[in-house]
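Read the structure below first, then the notes.
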Amino acid sequence: MNYHILTLFPEMVLNGLNTSIIGRAAEKGLLSIEAIDIREYSTDKHRHVDDYPYGGGAGMVMQPMPICDAYDDLCERIGKKPRVIYMTPQGRVFNQKIAKELAKEEDLVFLCGHYEGIDERALELIATDYLSIGDYVLTGGELPAMVMIDCISRLIPGVLNNDASAEFESFYDNLLEYPQYTRPEEYKGLRVPEVLLSGHHKKIDTWRREQSIKRTLERRPDLLAGAVLSKKEEEYLKELEKEQENRE
């Protein structure tokens, strides 16, 4: 996977991404991260890349030419036109399903807006996807780009030391992840569940699935409509729902 980030703040994204798991994956050659400074494509002697909006209004708008020139230069270098993701509150909300789809790409471009946004013509010319990380507004697209890159990268084979980790984390089968424990066996009067100490892998797997179902019902019941459950697990969920109704 090759990430190309069109940004006004290349140091911000590189410093954030070239650390921990993602940084180690880049060092191993499992992925590459390139930050392209949009200001380098400004024709203004002061490297301005924004101007006042036509029709009036507050703030400044990023001009189309530097953005499109940066993208065209990238396309010429890599010999193709990769998918371009523009981070905006107006886009689809990013989720694990979208991450899996994007992880199949060889190259991804993340276009980071700033100020009051980007000239619509640049978006019409190069943007292929409009994505959001939530219904709120940030000062720029750099943080959302980093969030998405982190999530997508975890799905690339070899990035995680244990590839099974990516499969069984939260949102696998539309369920939240089960509770995790480590040493010591007892802490401040709270003990690790006995089943996890039993060494009985089938019972442990069953307990974990049930805990995932229970936690999803408690914290994110909206996910259960798309959950992949066995018949036995569906019966377990119905029992939990009855217990919840009785408590209420």
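The values are calculated or read from the model by the stated rules, or taken from the named source; none is laboratory data. The structure displayed is predicted, hence computed values, not measured ones. All Cβ positions, glycine included, derive from the backbone under ideal geometry; neighbour counts span all protein chains shown. The protein model used for the area step is the full one, side chains on, heavy atoms only, and it has no ligands, DNA or RNA in it. Shrake-Rupley method; radii C 1.70, N 1.55, O 1.52, S 1.80 Å.
Highest GNM mean-square fluctuation among TYR71, TYR136, TYR86, for the chain modelled with Cα contacts below 10 Å: TYR136.
Are there any helices in the chain, counted as whole DSSP H runs, that stretch 18 Å or more along their axis by Cα and score at least -0.5 on average by Kyte-Doolittle, and if so which? Write out the running numbers ahead of the final one.
Details: long enough: 64-78 (21 Å, -0.10); 201-219 (26 Å, -1.96); 231-247 (25 Å, -2.66).
Long hydrophobic helices here: 64-78.
Before rounding to the nearest 500, sum -39500 (n - 2.57) across all DSSP H runs of length at least 4 in the chain and divide by the residue total; then give [θ] at 222 nm in deg cm²/dmol. Mind dumping the intermediate values first?
Details: 10 runs with 101 residues, N = 248.
Mean residue ellipticity at 222 nm (helix-derived): -12000 deg cm²/dmol.
Using the alpha-carbon positions of region 1-156, Rg (one decimal) and Dmax (whole number) come out as 15.1, 50 Å.
Going from most exposed to least, what order do THR43, THR7, THR128 have by accessible area with a 1.4 Å probe?
Numbers: THR43 115, THR7 0, THR128 80 Å².
Order by accessible area, largest first: THR43, THR128, THR7.
Across GLU101, GLU235, GLU210, mean-square fluctuation computed from a Gaussian network of the chain (C-alpha pairs under 10 Å connected) peaks at GLU235. For the options HIS201, HIS48, HIS114, a Gaussian network treatment of the chain with springs between C-alpha atoms closer than 10 Å singles out HIS201 as fluctuating the most. The alpha-carbon of LYS231 sits under 20 angstrom from the alpha-carbons of these lysines, leaving out residues fewer than 8 places away in its chain: LYS202, LYS203, LYS214, LYS242. Exposure check, 1.4 Å probe, all protein chains in place: ARG220 carries approximately 90 Å² of accessible surface. Taking amide hydrogens as placed 1.01 Å from N in the peptide plane, the amide H of GLY117 sits under 5 Å from those of MET62, each at least 5 positions away in sequence or on another chain. Computed over region 17-143, relative contact order equals 27 percent, with contacts defined as Cα pairs under 8 Å that lie 6+ residues apart. Between LYS188 and ARG215, the FRET efficiency estimated from the beta carbon spacing at R0 = 22 angstrom works out to 0.55. Considering only PRO179, LEU155, ALA225, the residue lying farthest towards the positive end of the dipole of region 124-248 is PRO179, judged by Cα position with unit charges set on Cβ.
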